[in-house]
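Beneath this line is the structure, given in structure tokens, with notes to follow.
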Amino acid sequence: QVQLVESGGGLVQPGGSLRLSCAASGNIFRLYTMGWYRQNPGKQRELVARITTSGSTNYADSVKGRFTISRDNAKNTVYLRMNSLRPEDTAVYSCHAARLPDDYWGPGTQVTVSS
């Protein structure tokens, strides 16, 4: 069982930055592919960014060049650095851990981009 807890969300003005963190329980964090997803009410959850156990990353086209995912296996933590935020980035951001056949979700953290 892996428990995930996100932090770092909040209200930010357009053009601003935030860094989200996701802390994982357990001692096999390094074996999980980690991802950040986002969702708004009435819309499908979408992948924002993902990082594999080897450090390979992929991003949604809408965030490429603005967001950066990273992981610190020593701290059991995955990060999402978000720059040049736009109102359309507003959503609940959730952390995801995957290692087949298991996967786990965090409760999510709200990010609101508004002036």
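Okay, here's what the table says:
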{"item": "Yes/no for residue 85 being under 21 Å from residue 12 (Cα atoms), touching a Pro at 6+ places or on another chain (Cβ under 7 Å) and at pLDDT 95 or above", "result": "yes"}
{"item": "Only one of 42, 108 that is surrounded by 15 or more Cβ atoms within 10 Å (Cβ to Cβ) and among the small types (Gly, Ala, Ser)", "result": "108"}
{"item": "Residue in region 71-90 that is farthest from residue 30 (Cα to Cα), counting only those that are open to solvent by less than 50 Å² (accessible area, probe 1.4 Å), in a strand (DSSP E or B) and not β-branched (Val, Ile, Thr)", "result": "82"}
{"item": "Sole residue being without any contact (Cβ under 8 Å) to a residue 40 or more places away in the chain and of a type in the set (Lys, Arg), chosen from 66, 99, 45", "result": "66"}
{"item": "Residue count, region 50-59 (criterion: open to solvent by 20 Å² or more (accessible area, probe 1.4 Å) and either outside any strand (DSSP E or B) or among the β-branched types (Val, Ile, Thr) (or both))", "result": "6"}
{"item": "Residue check for residue 97: under 18 Å from residue 17 (Cα atoms), part of a strand (DSSP E or B) and at pLDDT 95 or above", "result": "no"}
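Here is a yes/no grid of residues against (1) surrounded by 14 or more Cβ atoms within 10 Å (Cβ to Cβ); (2) at pLDDT 95 or above; (3) in a strand (DSSP E or B); (4) polar (S, T, N, Q):
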site	(1), (2), (3), (4)
6	yes, yes, yes, no
15	no, yes, no, no
21	yes, yes, yes, yes
27	no, no, no, yes
35	yes, yes, yes, no
38	yes, yes, yes, no
48	yes, yes, yes, no
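Every residue, every condition in (1) at negative phi; (2) of a type outside the set (D, E, K, R), yes or no:
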| residue | (1), (2) |
| --- | --- |
| 33 | yes, yes |
| 45 | yes, no |
| 50 | yes, no |
| 66 | yes, no |
| 76 | no, yes |
| 87 | yes, yes |
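The values are calculated or read from the model by the stated rules, or taken from the named source; none is laboratory data. Quick caveat, the model's predicted, so the values are computed rather than measured. Neighbour counts run over all protein chains shown; Cβ positions are idealised from the backbone, glycine included. All accessible areas refer to the heavy atoms of the entire protein, side chains included, with ligands and DNA or RNA removed. Shrake-Rupley method; radii C 1.70, N 1.55, O 1.52, S 1.80 Å.
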